[in-house]
1. List the number of the failed condition for D21; all other conditions in (1) of a type in the set (D, E, K, R); (2) modelled with pLDDT of 75 or more; (3) farther than 13 Å from L108 by Cα hold.
2. Of all residues in the range 101-112, which are crowded, with 16+ Cβ neighbours inside 10 Å and touching a helix residue (DSSP H, G or I) at 6+ places or on another chain (Cβ under 8 Å)?
3. Looking only at the range 166-210, filter to residues that are hydroxyl-bearing (S, T, Y) and part of a helix (DSSP H, G or I); which one of those is modelled with the highest pLDDT?
Amino acid sequence: MERNHKLAMSYARTSTTVNSDGDSEPRQRKATESFAARAGITIVGHEYDVVTGTSEIEARPAFNRLLKSLEASTIGVVIVEDVSRFARESLAGQLGIAKLHAMGVKLLSAKDGRDYANPANAMEKFQIGLMLGIAELEKSTIVERLQSGRRSRLAATGWCGGFKVADEVKSYARSLHAAGRSLRAIGAELAERGWISETGRPFGPSSVKLMVE
């Protein structure tokens, strides 16, 4: 199939449901639309995932819809705000890029204009792999910093995940942990008793871990 590289889909990704309520998607859409206008490209569709950048491509509903749109059309470009919005894990990024490359589709970054799916030479391919690795490192650093800060706040004030977790909740979580329950199972048990996170969802494993440490 001959691809039309003047037609594009834009793709945005936000890591968590908490961030999805902020300006992440509007910011990303504005960046991709501005880039497309400068490059003379028409965006004919947009997809948005609320998943971590380390998630497997198959686990991204919006990205899979995007692939189906590409398969059913001659659209030749996918535009993202930045390669880190496409993926923050090297393998996930490489697999996604490989899918687009096999389809003859460009993956353009609004940030630097680079086509990540079609490197011009071995050096550029190496640089793309390096940038995906840096995105993965940045993600790990952010997670470590947040976990450290949350541990400190929890130890000092009893606050976890942005709001106060009652001593009763922490005590019950610790008793379940002592009984050998998994972190995820503890979160589900707390939810059954009406103890949920500030997002209205069960406490995730990372939040439960902070309670029981």
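1. Result: D21 passes all but (2).
2. Initial filter on the range 101-112 (crowded, with 16+ Cβ neighbours inside 10 Å): 101, 103, 105-110.
Answer for the range 101-112, where residues must be crowded, with 16+ Cβ neighbours inside 10 Å and touching a helix residue (DSSP H, G or I) at 6+ places or on another chain (Cβ under 8 Å): M103, V105, K106, L107, L108, S109, A110.
3. Quick first cut of the range 166-210, residues hydroxyl-bearing (S, T, Y) only: 171-172, 175, 182, 197, 199, 206-207.
Now restrict to residues that are part of a helix (DSSP H, G or I): 171-172, 175, 206-207.
Details: S171: 86, Y172: 86, S175: 89, S206: 85, S207: 84.
Selected residue: S175.
The values are calculated or read from the model by the stated rules, or taken from the named source; none is laboratory data. For clarity, every value in this text was computed on a predicted model and none was experimentally measured. We place every Cβ from the backbone using ideal geometry, glycine too, and count neighbours over all the protein chains shown.
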